[in-house]
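> Before I ask anything, here is the structure I am working with.
The values are calculated or read from the model by the stated rules, or taken from the named source; none is laboratory data. Since the structure is predicted, the reported quantities are computational estimates derived from the model, not experimental observations. Here the Cβ is made from the backbone with ideal geometry for all residues, glycine too, and neighbour counts use every protein chain on show.
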Amino acid sequence: MLVRPVPEAALRLPFHRVPEPKSAENRVHLAPWAEDVEAEAGRLVRPGATRRVRIEDWVATADPEGNEFDVLPAE
């Protein structure tokens, strides 16, 4: 599923806390696009993200709580 903004409204992306701990890879995660994947991954590490691994042309990262997200090359 690709989320696209509605022209008349701001994009809303809700997050919900759950009581159980993470036990495996996320079933769904964000994958922001960037013109420069390496620069964007570096920018995200500065405020607390963790760089996990580079796979082909994208970088797998995680937020401080371990939630994965990938930085993909802009299409």
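> Give the residues of the stretch 30-54 that are β-branched (Val, Ile, Thr) and surrounded by 14 or more Cβ atoms within 10 Å (Cβ to Cβ), sorted by residue number. Quick ask: steps written out before the conclusion?
Applying the first criterion (β-branched (Val, Ile, Thr)) to the stretch 30-54 yields 37, 45, 50, 53.
Within the stretch 30-54, VAL37 is the sole residue that qualifies.
> Let me ask another. Could we say that ALA9 is at pLDDT below 85 and out of contact with any helix residue (DSSP H, G or I) (no Cβ under 6 Å at 6 or more places or on another chain) here? Full working, then the answer.
On the way: at pLDDT below 85: yes; out of contact with any helix residue (DSSP H, G or I) (no Cβ under 6 Å at 6 or more places or on another chain): yes.
So ALA9 passes the test.
> Quick one: in the stretch 28-63, of everything that is part of a loop (DSSP other than H, G, I, E, B) and among the aliphatic types (A, V, I, L, M), which residue is nearest to ALA74 (Cα to Cα)? Spell out the reasoning first.
Taking the stretch 28-63 as the starting set, the residues that turn out to be part of a loop (DSSP other than H, G, I, E, B) are 28-32, 35-36, 46-49, 56-57, 63.
Pick out the ones that are also among the aliphatic types (A, V, I, L, M) and you get 28, 30-31, 49.
Numbers: VAL28: 19, LEU30: 14, ALA31: 11, ALA49: 20 Å.
Per the stated criteria, the residue is ALA31.
> Output the residues belonging to the stretch 55-75 that are closer than 17 Å to ARG27 by Cα and surrounded by 15 or more Cβ atoms within 10 Å (Cβ to Cβ).
Result: ALA60, THR61, ALA62, ASP63, GLU68, PHE69, ASP70, VAL71.
> Hey, could you check the stretch 64-75 for residues that are part of a strand (DSSP E or B) and charged (D, E, K, R) and say which is farthest from PRO32 (Cα to Cα)?
Our first condition is that a residue be part of a strand (DSSP E or B); within the stretch 64-75, this holds for 68-73.
Still in the running and charged (D, E, K, R): 68, 70.
Numbers: GLU68: 12, ASP70: 7 Å.
By that ranking, first place goes to GLU68.
> Separate question: So, of the residues in the stretch 12-45 that are of a type in the set (Gly, Ala, Ser) and modelled with pLDDT of 90 or more, which turns out to be nearest to GLU68 (Cα to Cα)?
Residue satisfying both the conditions and the ranking: ALA41.
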